[in-house]
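Below is one structure, written out as structure tokens, with a few remarks after it.
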Amino acid sequence: MSAAAVTRRINAGGLRVEVTNGNGAAGVYVAAAAPGSPTAKRVNDGGGKDNVWVAVDEADVSGAGGGDGARPTLFRTYKVKGSILHPYRFLILVRLIAIVAFFAWRVRHKNRDGAWLWTMSMAGDVWFGFSWVLNQLPKLNPIKRVADLAALADRQQHGTSGGGELPGVDVFVTTVDPVDEPILYTVNSILSILAADYPVDRYACYLSDDGGTLVHYEAMVEVAKFAELWVPFCRKHCVEPRAPESYFAMKTQAYRGGVAGELMSDRRRVRREYEEFKVRIDSLFSTIRKRSNAYNRAKNGKDDGENATWMADGTHWPGTWFEPAENHRKGQHAGIVQVLLNHPTSKPRFGLAASVDNPLDLSGVDVRLPMLVYISREKRPGYNHQKKAGAMNALLRVSALLSNAPFIINFDCDHYVNNSQAFRAPMCFMLDRRGGGDDVAFVQFPQRFDDVDPTDRYANHNRVFFDGTTLSLNGLQGPSYLGTGTMFRRAALYGLEPPRWGAAGSQIKAMDNANKFGASSTLVSSMLDGANQERSITPPVAIDGSVARDLAAVTACGYDLGTSWGRDVGWVYDIATEDVATGFRMHRQGWRSVYTSMEPAAFRGTAPINLTERLYQILRWSGGSLEMFFSHSNALLAGRRLHPLQRIAYLNMSTYPIVTVFIFFYNLFPVMWLISEQYYIQQPFCEYLLYLVAIIAMIHVIGMFEVKWSSITLLDWCRNEQFYMIGSTGVYPTAVLYMALKLFTGKGIHFRLTSKQTTASSGDKFADLYTVRWVPLLIPTIVVLAVNVGAVGVAVGKAAAWGLLTEQGRFAVLGMVFNVWILALLYPFALGIMGQWGKRPAVLFVATVMAVAAVAIMYVAFGAPYQAGLSGVAASLGKAASLTGPSG
């Protein structure tokens, strides 16, 4: 459609608003706010770019379909054009042949002068080749799938069952610490969920506070109050995004509401209220502490005595206290379930007209709010609470008793809904029976991040993984579960198999007979309803005594004992990357998953831009991957329902840190050049170098094809290469060491919570980027840096002492190319450990040149004469031996 657009611009307070009547920008469409509206437009992320992607015939991707007849699918499927895909596959084949030829050549030319080094390098090269094959094979058939919201709206409007109704959705948000995970992130996440463009009576929001802090609870009380203003404002003016912190930070916005003349006055009022809301949130720590001190003094008559934490209603907080006490400390407190916003009625409730007390005219706006529930599960000493996986399983059980929606979306607390249509998009895949929707266990969105430094120094955007590796898995059974921004089918989380393998009712009965779900009969009786994808939300009329007892039972710390929770049911336990292991369990049962994206991005979050925190993050990921390999979630143990290439993809995910041990030692090989004039890994050396250059060049050419079809930038690709080397020289080998210790000692690995950005309030948006937090994890990479700087210096010294035309000089220069390449890959790390000096990259360049020059001068002054003397002695000994000849 290309309807003419009438554009007006309103300028006030530094904000430019483009008011558009029509379709908006070319190629980008928005769905109507009301479900089933005939004016709904398609949300398109550019999946059909003519230069890369081509649409797939619906008949090629549709399933058996049942009774949907000729109705079109709710999503569009695209494949890479043959002009790109066929050369890409051919290069992969050529490189595979080259690797085999390289190994055969090395075996025929074994280096007997340094057999131990040759053997080590040969083992490393074999593992490099094996790891590359594991990584490359699952990428042979990249597929892009795009939700068609217009088709969804049409189906809901004209469908014979369900009418214009969408199924119910439960939204899970998890948090632990209000300091490491700043509470402002959490409240923005909840507000964006409450304001999402989805039928308000058909979704509920749950916050799991695994720390049991009163700060989180009272923050949710404040959120419930502010949402009464924020949510109607979002609906009235169709604002995007619907997280207030992000919305008010934007300078230019396209207006798609119907009352542009009221936007500026409404916006000013809401922003003023939001600033006051933030003040109350920021002061919660001091407010609660002052209140608690006052109550404690009044009760005890003095400052000492009981140091309880008190709620606003004058009762003890049942969770953790500021001053730890018995049954009120971290890891030891009662379970809490509190409904802060009740489930709304099915009929719209419109707001009031503008007045002195109510400056916003909400007379035509539905002011209902979704259900909001605060949860903190019980914790007691002596129990393994299983971190995030345990919290998610508690959420799954509680939600089954309160709302029991057939679909579930989970968020980390630092992510928010960036596109108000985000809850509708995954429904296009879940509800499309003709497109195989009944077999889809989950829909995964890419993770997009705010406040990452402009150069993305530590590859936080991770576009190579999200838009390359994960996208390519769409051509198999689908992507792995990535921990956040995911919609699940509740039945899949319960451990049920896809419908083609058996009816849900019979599966639930069989699993219950085996006591897989636990002792709550109420929970088990709710499961069949929860597996019905047409179902809405039907919360209990009131939280009476029986419901309260059931809630206490399913949040008890010992509920999982003796059941299948954490293995065959819910999120998987005892693995740091519980997300990948949980997705793997679903795939091996025969479920599929879908990777999709939309514009604007469905969800956005915050990434750690501090070097140390980023390294700890990937340490947890890589350690969890190895735990998965050495567990019942090993891909080699899966049955036949797992696609062969999907099995290879999971095998790669769980073993990739191992190859970095060889990379680490390869990076230390230049030490040999510091103690010997000639030390060859392989001879003849020139042929060896030619093989290496050809094989390395081919992998980069293949990478350029992936850059093309994944639509990432060269900067994204370069940052990925750099940070992989940074991880390979410290973090990944450390994860391998941790796993080895776990296997030998039986003790688990403790991974610390990744701390989010906390110094941005200092005035510098990227202050964390220039903060150095020295930890032992930095040492191995620093050693590699020093060794390679020294090797470059020695190479320069050799070239100066022996001359470039000599054999020693030529080989020194060739070796120096390897060292310089390693230093270029470690460049972001070097900037990171410089702290504030990292703002001036020229300082790093000058320091590196000075260090290289110093080493070169030292070699020329001391090393060259010494090596010349050794060479002279060796020559004399050789001449004497030739004169005497063999005796006898």
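Of all residues being assigned to a helix (DSSP H, G or I) and either acidic (Asp, Glu) or buried (at least 18 other Cβ atoms within 10 Å of the Cβ) (or both) in region 529-552, which is nearest to the chain's Cα centre (by Cα)? Just the residue, please.
Only one residue tops the list, namely 530.
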Within region 546-582, restricting attention to residues that are within 15 Å of residue 512 (Cα to Cα) and among the small types (Gly, Ala, Ser), which residue is modelled with the lowest pLDDT? 562
If a residue has to be assigned to a strand (DSSP E or B) and either open to solvent by 70 Å² or more (accessible area, probe 1.4 Å) or aromatic (Phe, Trp, Tyr) (or both) to count, how many in region 318-350 make the cut? 3
With the requirement that a residue be free of Cβ contacts under 8 Å to residues at least 24 places away in the same chain, part of a loop (DSSP other than H, G, I, E, B) and open to solvent by 30 Å² or more (accessible area, probe 1.4 Å), what does region 618-640 give you? 640
Going through region 812-840 one residue at a time, which ones are in contact with a Phe, Trp or Tyr (Cβ under 7 Å, 6 or more places away or on another chain) and within 22 Å of residue 685 (Cα to Cα)? 815
Pairing a residue in region 722-735 that is open to solvent by less than 20 Å² (accessible area, probe 1.4 Å) with any residue that is among the β-branched types (Val, Ile, Thr), where Cβ atoms lie under 6 Å and the two sit 6 or more apart in sequence or on different chains, gives 727/618; 728/660; 728/663; 729/781; 729/784; 730/781; 731/618
Among the residues in region 420-428, are any assigned to a strand (DSSP E or B) and more than 29 Å from residue 705 (Cβ to Cβ)? no
Can you tell which of 761, 755 is surrounded by fewer than 13 Cβ atoms within 10 Å (Cβ to Cβ), at pLDDT below 80 and either at negative phi or aliphatic (A, V, I, L, M) (or both)? 761
In region 381-406, what count of residues is obtained for those that are of a type in the set (Gly, Ala, Ser) and in a helix (DSSP H, G or I)? 6
For region 563-604, how many residues meet the condition of being under 16 Å from residue 390 (Cβ atoms) and among the small types (Gly, Ala, Ser)? 5
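Residues are listed down the side, and each one gets a yes or a no for (1) in a helix (DSSP H, G or I); (2) open to solvent by 40 Å² or more (accessible area, probe 1.4 Å); (3) over 23 Å from residue 424 (Cβ atoms); (4) at pLDDT 95 or above:
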{"site": "211", "(1), (2), (3), (4)": "no, no, yes, no"}
{"site": "234", "(1), (2), (3), (4)": "yes, no, no, yes"}
{"site": "239", "(1), (2), (3), (4)": "no, no, no, no"}
{"site": "263", "(1), (2), (3), (4)": "yes, no, yes, no"}
Condition check: modelled with pLDDT of 75 or more, closer than 23 Å to residue 666 by Cβ and part of a helix (DSSP H, G or I). Does residue 779 satisfy that? yes
Considering each residue of region 709-720, count those that are surrounded by fewer than 15 Cβ atoms within 10 Å (Cβ to Cβ) and either touching a residue at least 12 places away in the same chain (Cβ under 8 Å) or not in a helix (DSSP H, G or I) (or both), and give that number. 2
In region 494-526, which residues are among the hydrophobic types (A, V, I, L, M, F, W, C), open to solvent by 10 Å² or more (accessible area, probe 1.4 Å), in a loop (DSSP other than H, G, I, E, B) and closer than 24 Å to residue 641 by Cα? 503, 514
Tell me, which residue of region 263-314 that is under 35 Å from the mean Cα position of the chain (by Cα) and acidic (Asp, Glu) is farthest from residue 235 (Cα to Cα)? 282
Please enumerate the residues belonging to region 213-224 that are more than 17 Å from residue 349 (Cβ to Cβ) and part of a helix (DSSP H, G or I). 214, 215, 216, 217, 218, 219, 220, 221, 222, 223
Scan region 358-372 and tell me whether some residue there is open to solvent by 40 Å² or more (accessible area, probe 1.4 Å), farther than 24 Å from residue 409 by Cβ, touching a helix residue (DSSP H, G or I) at 6+ places or on another chain (Cβ under 6 Å) and modelled with pLDDT under 90. yes
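The values are calculated or read from the model by the stated rules, or taken from the named source; none is laboratory data. In this text, all values refer to a predicted model and were calculated from it rather than measured experimentally. Cβ: placed from backbone, ideal geometry, glycine included. Neighbour counts: every protein chain shown. Quick note on the areas: whole protein, heavy atoms, side chains included, nothing else; ligands and nucleic acids left out. Shrake-Rupley method; radii C 1.70, N 1.55, O 1.52, S 1.80 Å.
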